[in-house]
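Peer 1: To start, I am sharing the structure in question, which I have written as C-alpha cells.
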Amino acid sequence: MPVIVDEKTKLIVQGITGYQGNYHSKAMREFGTDVVAGVTPGKGGQKVNAIPVFDFVAEAVEATGANTSCIFVPAPACKDAALEAIDAGVKTVVIITEHLPVLDAIHIVAVARGRGVTVIGPNCPGVASPGKAKVGILPTKIFRKGDVGVVSKSGTLTYEIVNAITESRMGQSTCVGIGGDRVSGTSFVEVLALFEKDRQTKRIVLVGEIGGTAEEEAAEYIKKNVSKPMVAYIAGRTAPPGKRMGHAGAIIARGRGTAESKVKALEAAGARVAKLPTEVPTLLEEL
Amino acid sequence: MKLFEYYAKGILARHGIPVPEGFVVSSPDQIRSVRGPVMVKAQVLMGGRGKAGGIRPADSVEDARKAASAILDLNISGYIAKEVLVERRLDVAKELYLGMTIDRSRKCLLMMASASGGMDIESVPEGEILMLPIDPLIGYQDYIGRKVVGFLGVAKERAAHVEDICRRLCELVLREDAELAEINPLVITKDGRVVAGDAKITIDSDALFRHREYDSLKEDLTPLEEKAKRLDIAFVQLDGNIGVIANGAGLTMATLDSLNTYGGKAGVFLDLGGTDDPEKVKNAMLLMHEANPKVILLNIFGGITKCDTVAKGVLEAIEGQRAKIPIVARIKGVNEEIARTMLKDAGLIPASGLSEAAELASKESARVV
C-alpha cells in the first residue's frame, strides 16, 4: 500500500524551467523518482536536465502516462496550474507554491475532491519515501529507509526531525509534509489512514503546530482508528496568542488552536508527545 | 490585511449593502456640517474601542468636533486613531450579526449569523450562532439566505432584504478575496431599514497581487515591521531579548520552544522562509542588528536555502558592524561543510544541534554585561 508516492509514481514538474523547478527536478530524479516530463506554458519542446518540456499538462500525460504532478509555479499562476493538472487526469498533485490565496486553495481542493484527486499542500515540502520516490523539495541526504511514518505541517522542522530520526539509526517509511496553510488538500487524518494501512510503517510521528483544530481532529481519529504507536510534537508552545507565527495557519485565535489543547488531545489518544523536537527519536525508541 | 471600518463600509456600499451616510476626517475642524444626530467613531483596528470611549454621539457640529477631538487624543489599547468616522446615527430596533470566514476543517467558506448582534461574537454561546458551510462547487444559493432569515426570525416584510444582504456579502468575499467579513451589528432600524452598523473586513494578504487598489493603504506597522515587509521577511515582535533568525515557520516556533526550555526568551523573530539569496540573509541580519537584541540565534536547516548562501549573507552583514552582538549559529543541511569553513574565523559561537544552540543563546542572554 503506497503512501502517496512509490516506484510507480510518474512525475510531471510544473514550472520546470524556473530555478526551483529545474533544481528540484534533478534532485528528485537523483532520489530515484521517475520524472517523466516538465510543463511550462510557451516552452514546449525544450529539455531541462534531459527531461522533455511540454506546453500543457494534458500533452505531457498523453506522451508519458504521468500520474503525479509537482507544482513550482508562482502563486498567481498556481490555481490555473493545479486545475490544469486535475483536468488532465493526474491523480496526485503536490503543490510546493507558497502564498496561495486561500480562496484559490478552497477551489482547488473542492475540485480535486470531486475528481478523486489527492492534493498535498499548498505551501508544503512534499512527500518522500526513501528507496522509492520523492515528490517535492525535502533534502535527500537526511533520509534513511525504515519503518517510521512522518506526517507534518512544517517544512524545515520536518527536516530537523527526520534528520534526528536518521541520526538515531532509525529510518523513515514515508514522510509527508502537508503544509501549514489554513486550507490544505490533505490533512493529518488522511495521511494517518494511509500509514495505518501501510505495511512498511510500524510507528508514526506527527508534527503539528498551533492554530486550527487539525491536530485535535487527528487525535479523535487516532483514538478510533490507529493501532500503530505514535509520537507527536507540537510547535509553538511558547507562542503568544494573536500573533501569526510565520505560517498563515499558525495563529492562536479566539482561544482556539493552543498547543495545550493539541497536546492534551494527542496524549489522550495514546500518543507520546515530545516537548522538544530533539526528544522525538528518544520517545520513538521507547515505544 | 485588516481594513478600517470606513474602508470596509465603502466596500459594503460598493456591493450594494446599505451603510449609514458618513464621512471621514483626520482633524475636528474638517467637520463642517452634520445633518441630525451622528456617531463619531475612532478608526482603529483594535476591538473594544466603544468601551475605551472611542465611539461618541453628537447632535451638532460643535458636539461632533468636541467628540472628534477627544477621540483623536485617546489611547485605545496602545493605538491612537488618526481618523474618525462621522456618520448618521441609527434608530436601532434590533441588532443582528452576519459574518463570513474560512472554515479550515471543512475547507470552505462559512456563513455565520446570530440574533445576538452588537457584541463580540466570541462571547455569544455557540448555540446562538448559525454556521452554514458554503460548498465551493455549489456556491451561494438562495436557500442559504432563507436558512439565515429563518434562524434569525426576521419579520416577513424584511426577509427579502436580509436574504439579499447575505447574497451580496458572499459575493463580496469572493470578489474582494476577504478572509473575514463581519457586519456586527446588522441593524434593523425602527423605520424598518436594514443597515450595516459596523463592518470588519480582512483581505487575504496572499491575494493582494490581484487587488492593487490596496497598495496605497497603509497598515499600522512599526518602522522595523515596515522594513521587514518590504524585504519579504516574516517579522514578529515578542518581549524577550534574544533575536531569532530561522528558516521556516515550524522551525522558528520550535526554536522559540527550545529557548524557553533553557530559560531564554525571544525578543524578535525573523523567518527567512525559503530563499536562496544571500542578499536576503544579509538584510535579515542587518534588520536584526537594528532591533538590537542581546544575542542573536541563527538556526538554519538548509534545503531550498543552502547553508553556504546563509554563510555568505551572514559574513557580509557582520562586516563593518560596530556593535558586536554575539551570534550563536547552528547551520545544518545542504552544503553545511562549506558554510562551516566560511564561518570559521567570523567569531560566531557555533552549535551543532538545536538544543545546544538554544542553551548557548539562553546563557548568553542571561549574562550580565
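Peer 1: Stretched out fully, how many nm does the piece from residue B:232 to residue B:137 gain, at 0.36 nm a residue minus the Cα gap?
Peer 2: This chain segment gains 30.8 nm when fully extended.
Peer 1: Percent antiparallel among DSSP beta bridges with both residues in the protein assembly as shown, to the nearest 5?
Peer 2: 50
Peer 1: As a footprinting exposure proxy, order B:97, A:233, B:6 by other Cβ within 10 Å, with the fewest listed first.
Peer 2: Neighbour counts put them in this order, fewest first: B:6, B:97, A:233.
Peer 1: Hey, another quick one. If you take each beta carbon of peptide A:91-103 and count the beta carbons of other chains within 10 angstrom, what is the mean?
Peer 2: Other-chain Cβ atoms within 10 Å of each residue's Cβ, averaged: 4.
Peer 1: Could you work out the pair-distance distribution P(r) of segment A:10-120 from its alpha-carbon pairs, with 5 angstrom bin width and percents rounded to whole numbers?
Peer 2: Over segment A:10-120, the share of Cα pairs per 5 Å bin runs 2, 14, 27, 26, 19, 9, 3, 0 percent.
Peer 1: Can you sort B:112, B:119 by how many other beta carbons sit within 10 Å, fewest first?
Peer 2: Ranked by crowding around the Cβ, least crowded first: B:119, B:112.
Peer 1: Counting only other chains, what is the mean number of Cβ atoms within 10 angstrom of the Cβ of each residue in peptide B:100-107?
Peer 2: 6
Peer 1: To continue, here is another question. From the P(r) of the protein assembly as shown, can you give the percent of Cα pairs sitting at distances over 34 Å?
Peer 2: 49
Peer 1: Hey, any idea what the orientation-averaged projected area of the convex hull of chain B's Cα atoms comes to, in nm²?
Peer 2: Averaged projected hull area, Cα only: 22.4 nm².
Peer 1: Once you mark the trypsin sites (Lys or Arg not before Pro) that are in a DSSP loop and have at most 11 other Cβ atoms within 10 Å, what is the longest gap between them in chain A?
Peer 2: Maximal segment without exposed cleavage sites: A:9-168.
Peer 1: How much FRET efficiency would the formula 1/(1 + (r/R0)^6) give for residue A:62 and residue B:116, where r is the Cβ-Cβ distance and R0 is 45 Å, rounded to 0.05?
Peer 2: 0.20
Peer 1: Still on this structure, please answer the following. How many Cβ atoms of partner chains, on average, are near each residue of A:276-283 if near means within 10 Å of its Cβ?
Peer 2: Across A:276-283, the average partner-chain Cβ count within 10 Å equals 3.
Peer 1: In whole Å, what three semi-axes, largest first, describe the equivalent ellipsoid of segment B:186-334 built from its Cα gyration tensor (square root of 5 times each eigenvalue)?
Peer 2: Square roots of five times the eigenvalues give 38, 18, 15 Å.
Peer 1: Taking neighbour counts of Cβ atoms within 10 Å as a proxy for exposure, in what order, fewest first, do B:135, B:204 appear?
Peer 2: Least to most surrounded, the residues fall as B:135, B:204.
Peer 1: Taking only pairs that are 8 or more places apart or on different chains, how many Lys pairs in segment B:92-214 have Cα atoms under 19 angstrom apart?
Peer 2: Counting lysine pairs in segment B:92-214 gives 5.
Peer 1: Limiting things to C-alpha atoms, what are the Rg and the maximum Cα-Cα separation (Dmax) for chain A, in angstroms?
Peer 2: Rg and Dmax of chain A, Cα atoms, are 18.2, 56 Å.
Peer 1: Take segment A:227-287, compute every pairwise Cα distance, and split them into 10 Å bins from 0; I just need the percent in each bin.
Peer 2: With a bin width of 10 Å, the distribution comes to 22, 45, 27, 6.
Peer 1: Looking at segment B:21-88, send over the antiparallel percent of its DSSP beta bridges, to the nearest 5.
Peer 2: Bridges in segment B:21-88 are about 100 percent antiparallel.
Peer 1: Also, I was wondering about something else. Running a GNM on chain A with Cα contacts under 10 Å, which residue among A:250, A:164, A:110 ends up with the highest mean-square fluctuation?
Peer 2: Comparing A:250, A:164, A:110 in a Gaussian network model of chain A, the most mobile one is A:110.
Peer 1: GNM on chain A, C-alpha springs below 10 Å: top fluctuator among A:120, A:210, A:51?
Peer 2: Ranking A:120, A:210, A:51 by mean-square fluctuation puts A:51 first.
Peer 1: Still on this structure: Per DSSP H run of at least 4 residues, take -39500 (n - 2.57); add these up for chain A, divide by its residues and hand me the 222 nm value, nearest 500 deg cm²/dmol.
Peer 2: Mean residue ellipticity, 222 nm, calculated: -10500 deg cm²/dmol.
Peer 1: Taking only Cα atoms and a 10 Å spring cutoff, compute GNM fluctuations for chain B and point out the largest among B:246, B:64, B:199.
Peer 2: Taking springs between Cα atoms under 10 Å, the residue moving most is B:246.
Peer 1: Something else about it: So if we plug the beta-carbon distance of residue B:70 and residue B:92 into 1/(1 + (r/R0)^6) with R0 = 30 Å, what FRET efficiency do we get, rounded to 0.05?
Peer 2: Plugging the Cβ-Cβ distance into 1/(1 + (r/R0)^6) gives 0.85.
Peer 1: May I pose another question? Rounded to the nearest 500 deg cm²/dmol, what is the calculated helix-only ellipticity per residue at 222 nm for chain B, with -39500 (n - 2.57) per DSSP H run of length n ≥ 4?
Peer 2: -10500 deg cm²/dmol
Peer 1: Treat every Asp and Glu Cβ in chain A as -1 and every Lys and Arg Cβ as +1, leave all other atoms uncharged, and give the resulting dipole magnitude about the Cα centre to the nearest 20 debye.
Peer 2: Rounded to the nearest 20 debye, it is 400 debye.
Readers should treat all values here as calculations from the given coordinates under stated rules, not as data from a laboratory. What you see is a predicted model; the values in this text were computed from it and never measured. Backbone-built Cβ (ideal geometry, glycine too); neighbour counts: all protein chains shown.
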